[in-house]
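Accompanying notes for the structure given below.
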Amino acid sequence: MAGLIRKSLDSPDETRPFEDGKGQLELVNLEGGPVGRATFEPGWQWSKHVKPIAGTESCQAAHLGYFVSGRMKVVMDDGEEMDYGPGDVGVMAPGHDAWIVGDEPCVVIDWQGFADYAKR
């Protein structure tokens, strides 16, 4: 293993678009797993723009992410809900829906939940 590694989300190893042009996921693959930057456009909702790709009733990825910009509401299958925005670190268990709040794109860096997210 190299002592230093540098990858850039501006030159990702893989890009996965969401349905209807509502954003994309950019991934860099590291030995410890992928790191992703997702851009969710205004109007994006998991149940509309990723569910058709995932084929599950709710998002089954566990997320550990940092919110760079924009706002997102996450609602767990059991009804628990939370809003996230710039500067927040979010931990989300599997079993949720989410959508963008407002008219600004939401950018999230995730270290845990994007390995299979929106993978066709």
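Throughout, read-outs are computed from the coordinates displayed, never taken from laboratory work. Bear in mind that the values here come from a model prediction, so they are computed numbers and not experimental data. Cβ sites come from the backbone with ideal geometry, for glycine too, and all protein chains shown count toward neighbours.
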Task: the chain: antiparallel DSSP beta bridges as a percent of all, rounded to 5 - done: 100 percent
Task: Net charge over other residues, Cβ less than 14 angstrom from the Cβ of Asp77 (K, R count +1; D, E count -1) - done: -4
Task: Theoretical gain in end-to-end length, Asp20 to Val91 [0.36 nm per residue, Cα-Cα removed] - done: 22.9 nm
Task: Candidates Val91, Val107, Val35, ranked by Gaussian network fluctuation over the chain, Cα under 10 Å, top entry - done: Val91
Task: Long-range lysine pairs (8 or more apart or interchain), the chain, Cα under 18 Å - done: 8
Task: Sorted by Cβ density within 10 Å, fewest first, the residues Thr56, Thr39, Thr15 - done: Thr15, Thr56, Thr39
Open item on the list: With θ taken as phi - 60° and the coefficients 6.51, -1.76 and 1.60, list the Karplus ³J(HN,Hα) couplings across region 61-68 in order, rounded to whole Hz; mark glycine and proline as x.
Closed with: 8, 8, 10, 9, x, 10, 8, 7
Open item on the list: Please list, in order along region 85-92, the HN-Hα scalar couplings obtained from phi with the Karplus expression 6.51 cos²θ - 1.76 cosθ + 1.60 (θ = phi - 60°), rounded to whole Hz, x for Gly and Pro.
Closed with: x, x, x, 7, 9, x, 10, 10
Task: Length gained when the stretch Lys48-Met82 is fully extended (0.36 nm per residue, less Cα-Cα span) - done: 10.3 nm
Task: Cβ-based exposure ranking for Ser58, Ser69, in which fewest neighbours within 10 Å come first - done: Ser69, Ser58
Task: Cα-based convex hull, the chain, per residue volume (Å³, whole number) - done: 104 Å³
